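The numbers here are math on the coordinates, done by the rules we state, and not lab data. Predicted model, so just to flag it, every value in this text is computed and none were measured. Here the Cβ positions follow ideal geometry from the backbone for every residue, glycine too, while neighbour counts run over all protein chains shown.
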Amino acid sequence: MPSLGCAEIAWRWSFGLAVTALVALSFREYLSTLPVTAAEMFMLQTRQPALILQAMSQIVHGSAPRALVALTVLFLSLTLGWIVLASLGRAATLKTICEYFQDKEQSKAAGAKLGTLIGLNFLRAAALLAAVVSSIGAALVSGAASSKADPSPGTAMLIFWMLMLFVGLAWSIMNWLLSLASIFAVGGERNTLESLAAAVDLCHRRPGPVIAVATWFGIAHTIAFVIASTVVAFPLGFAELLPVGMVLGGVLLLMLMYFAVADFIYVGRMAAYLFLIQNEGQESLELLPGIQPLPPSDDDILSDISGLAPPQPAAG
């Protein structure tokens, strides 16, 4: 389904371009509010690191409140925009996946409930915010383990990375579960909490297939990341021979190629989960009321062992 992967890339990259533009414009507006005196301009033009740092320190002195307000407004607007755009994009991709597996008559009820997706994406954003706050708390807790009277940087770093490991693990599990729950918005008969409960129930009843799908697609994503990290070293190796713009362009091109592959892998994982649910037969009616289970094939081979195949009807 190349078109489905391209649709995923379209909405994800549109948001990425919007984020880049808003961050650049916000940074420009912030810099325009900073007063620069003639003495500070003179120190900036001396090309002396000590004088440049002193001038920059004087320029940004007292501007922290404006920067904090700008970051808060930018974060809230980008979060709201991501929730809406991600919900619309996921609704479109889920509907397309269902149409791929089912015929047109069966896929009429396969539309995703937008309100449910907005709720799930809101929870994903809240989980990310909680992870950021927890990271700040981990830094404060680890810093308290090393004081000026009894410095212990090794212990502080160990505590910090251990706490960050637990924070990252908890966030990744929650983010994955909320992503899986978006599949249960198909059919439009579940709200946010019911979709999340259905995802937990699927993991409880069929942990093997769910873990297998996550593992194989996770391995594919890891391989793509390793390949991209290796290939990106080639343009960096020519940094002393080629212009800076050409090197940065090559790195940017490789990054975009990796992001495209990652988006295709993500769509494939969502399709695999939906296919897994549909193959549950009658149980899929309970998981996805708007989706019909896949019909059994006439070519299914049950077993070569006698007694496992269904009895054949008597002739006549």
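Among Tyr258, Tyr100, Tyr273, rank each residue by its count of other Cβ atoms within 10 Å, from fewest to most, as a rough exposure measure.
Arranged by neighbour count, lowest to highest, Tyr258, Tyr100, Tyr273 become Tyr100, Tyr258, Tyr273.
What are the ³J(HN,Hα) values, in whole Hz, obtained from phi via the Karplus relation 6.51 cos²θ - 1.76 cosθ + 1.60 with θ = phi - 60°, for each residue of region 166-182 in sequence order, with x given for Gly and Pro?
5, 5, x, 5, 5, 5, 5, 5, 5, 5, 5, 5, 5, 5, 5, 5, 5
Net charge around Ala260, counting only other residues with Cβ within less than 12 Å of its Cβ (Lys, Arg = +1; Asp, Glu = -1)?
Numbers: positive: Arg12; negative: Glu8, Asp263.
Every neighbour counted, the sum reads -1.
Sort Asp201, Asp150, Asp263 by Cβ crowding within 10 Å, fewest neighbours at the top. List each step's numbers first, then the result.
On the way: Asp201 13, Asp150 8, Asp263 20.
Listing Asp201, Asp150, Asp263 from fewest to most nearby Cβ atoms yields Asp150, Asp201, Asp263.
So if each residue of separation counts as 0.36 nm, and I subtract the Cα-Cα distance between Ala212 and Gln54, what length gain in nm does that give?
Extending this stretch completely gives an extra 51.3 nm.
Starting with the fewest neighbours, write out Phe217, Phe238 ranked by other beta-carbon atoms found within 10 Å of each beta-carbon.
Phe238, Phe217
Where Rh is the Kirkwood radius over the Cα pairs of region 1-111, the temperature 37 °C and the viscosity 0.692 mPa s, what D in µm²/s does Stokes-Einstein return?
183
What are the ³J(HN,Hα) values, in whole Hz, obtained from phi via the Karplus relation 6.51 cos²θ - 1.76 cosθ + 1.60 with θ = phi - 60°, for each residue of region 93-98 in sequence order, with x given for Gly and Pro?
Taking θ as phi minus 60°, the curve returns 5, 5, 5, 5, 5, 5 Hz for region 93-98.
Each label point is 7 Å from the Cα along the Cα-to-Cβ direction; what then is the distance between the points at Arg205 and Ser135, in nm?
Inter-label distance under the simple model: 3.7 nm.
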